[in-house]
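To start, the structure under review is shown below, and the notes come after it.
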Amino acid sequence: SQKIEQNSEALNIQEGKTATLTCNYTNYSPAYLQWYRQDPGRGPVFLLLIRENEKEKRKERLKVTFDTTLKQSLFHITASQPADSATYLCALARSGGGADGLTFGKGTHLIIQP
Amino acid sequence: GEEVAQTPKHLVRGEGQKAKLYCAPIKGHSYVFWYQQVLKNEFKFLISFQNENVFDETGMPKERFSAKCLPNSPCSLEIQATKLEDSAVYFCASRTQFSPLHFGNGTRLTVT
């Protein structure tokens, strides 16, 4: 069956360091992969999208890599700040858009310590 | 509007009662999705719509759950005869064909 795995343990990182979160998947051939941020009591907020033919995507302090051979995406936050503390969700889509629902991992709870 | 609006924020129902949740998608977004999040675990996909038409309802427990997206009305998710295990946060999201999902802030349903 299709499966998405993210580090389920909380990840504690010291402020200023780079936080790296992992998303592994099996039995998928996703058209693209997305990363979302979820704060307590709020809905997820879209951060970055990377397509199957892209290796890396950047946005300000965020970087995402996508290795379809390893079936893995890495999500990096450089120069981390306490405000980056949140749960980060990886999501996969089978097709390119439309009404095809995303499948989410359970998320990684990131804590940036001052 | 520019945000997905979900109402109510909190809903408490006794076991066996009906629950109805509402979602106003972002104007211009043709696709609407409902997800269930239980105890901060992964999101479970319930149903998706393209305009008022059901696109995919493979995640819906059909015997008690139903959903609609009618023109000029908020979308709705209704649970007949709620069970304790239905306690969760229900998120609605909308998108255009090529945009990411835009989520509302959810409705927390507590079944007692």
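For the options B:THR58, B:THR96, B:THR82, a Gaussian network treatment of chain B with springs between C-alpha atoms closer than 10 Å singles out B:THR58 as fluctuating the most.
Using 0.36 nm per residue and subtracting the Cα-Cα separation, the extra length available between B:LYS27 and B:THR112 on full extension is 27.1 nm. For chain A, with a Gaussian network of springs between Cα atoms less than 10 Å apart, report the residue from A:GLU15, A:GLU60, A:GLU52 with the top mean-square fluctuation. The residue with the greatest mean-square fluctuation here is A:GLU60. Relative contact order of chain A, taken over Cα pairs closer than 8 Å and 6 or more residues apart, is 36 percent.
Normalised radius of gyration (Cα atoms, divided by 2.2 N^0.38 Å) for the range A:3-113: 1.01. Give me the base-10 log of I(q)/I(0) for the protein assembly as shown at each q in 0.13, 0.14 Å⁻¹, Debye formula, one uniform scatterer per Cα, rounded to two decimals. Summing over Cα pairs of the protein assembly as shown leads to -0.77, -0.88. Counting, for every residue in B:92-105, the Cβ atoms of other protein chains within 10 Å of its Cβ and taking the mean gives 5. Placing +1 on the Cβ of every Lys and Arg and -1 on the Cβ of every Asp and Glu, with nothing else charged, gives chain B a dipole about its Cα centre of roughly 220 debye.
Rule-based calculations on the coordinates, nothing more; no lab input. All of these numbers come straight from a predicted model, not from anything done at the bench. Glycine gets a Cβ as well: all are built from the backbone with ideal geometry, and neighbour counts include every protein chain shown.
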